[in-house]
1. Heads up, I need the accessible area for Thr49: 1.4 angstrom probe, whole protein in place, Å², nearest 10.
2. Please give the contour-minus-distance gain from His15 to Gln126: 0.36 nm per residue of separation, less the Cα-Cα distance, rounded to one decimal in nm.
3. Taking the Cα centre of the chain as origin and charging only Cβ (+1 Lys, Arg; -1 Asp, Glu), how large is the dipole, in debye to the nearest 20?
4. Please list the three semi-axes, largest first and in whole Å, of the ellipsoid equivalent to the chain, using sqrt of 5 times the eigenvalues of its alpha carbon gyration tensor.
5. Using θ = phi - 60° and the Karplus form 6.51 cos²θ - 1.76 cosθ + 1.60, what ³J(HN,Hα) does each residue of the range 79-94 get, whole Hz, x for Gly and Pro?
6. Express as a percent, rounded to the nearest 5, the fraction of DSSP beta bridges in the range 2-130 (both residues included) that run antiparallel.
7. Any idea what the relative contact order of the chain is, in percent, if you count C-alpha pairs under 8 Å spaced at least 6 apart?
8. Search the structure for amide H atoms under 5 Å from the amide H of Glu69, placed 1.01 Å from N in the peptide plane, and list their residues when 5 or more places away or on another chain.
Amino acid sequence: MSLVDEARAVRENAHVPYSRFKVGAAIRTASGTVFRGCNVENVAYPEGTCAEAGAIAAMVAGGERAIAEVAVIADSPVPVSPCGGCRQKLAEFAGPDTPVTLATTDGARLETTVGALLPGAFDASQMSRA
Ligand code: THU
């Protein structure tokens, strides 16, 4: 199954009673394993989590940390744009050249990279004087 199809499948499990906006994310790691996540909303709205965050949590819980490729999908008019927080979360485990496919359920695709999504990312080197 393609990584976009993995994201499409897990999207169906999203818990979205408040936004009604289902998102699915899939991460392929350096080992070739695929980890999936969907958004999980909460009645206390800020406690909701994004699909990307769920996929990252599944990856780390599965003992892996090296993101090789990412796909995110939603029923949006243009390929879904990861939020700022998720861009930083992806950058924690991916390089700037790591490919990211942003997709719509009706077939539109935007191919980008983690570095293009988060130019000028804060990274550990900036704490070198601490
Ligand atoms: N959402 C994601 O899960 N990922 C994104 O890339 C964009 C936004 C979720 C969060 C919330 O559950 C819903 O979409 C509306 O913001």
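The values are calculated or read from the model by the stated rules, or taken from the named source; none is laboratory data. Because the structure is a prediction, the values reported are computed rather than measured. Cβ atoms come from the backbone with ideal geometry, glycine included; neighbour counts cover every protein chain shown. Please note that ligands, DNA and RNA were not included when accessible areas were found on the heavy atoms of the full protein model with its side chains. Shrake-Rupley method; radii C 1.70, N 1.55, O 1.52, S 1.80 Å.
1. Accessible area, nearest 10 Å²: 70 Å².
2. 36.3 nm
3. Details: 11 positive and 14 negative charges, 28 e Å.
So the dipole magnitude of the chain works out to roughly 140 debye.
4. Numbers: eigenvalues 104, 58, 44 Å².
Values for the chain, descending: 23, 17, 15 Å.
5. x, 4, 9, x, 5, x, x, 5, 4, 5, 5, 5, 5, 5, 10, 9
6. On the way: 18 of 24 bridges.
Percentage antiparallel, nearest 5: 75.
7. Details: 274 pairs, mean separation 26.3, N = 130.
Across the chain, relative contact order equals 20 percent.
8. Arg28
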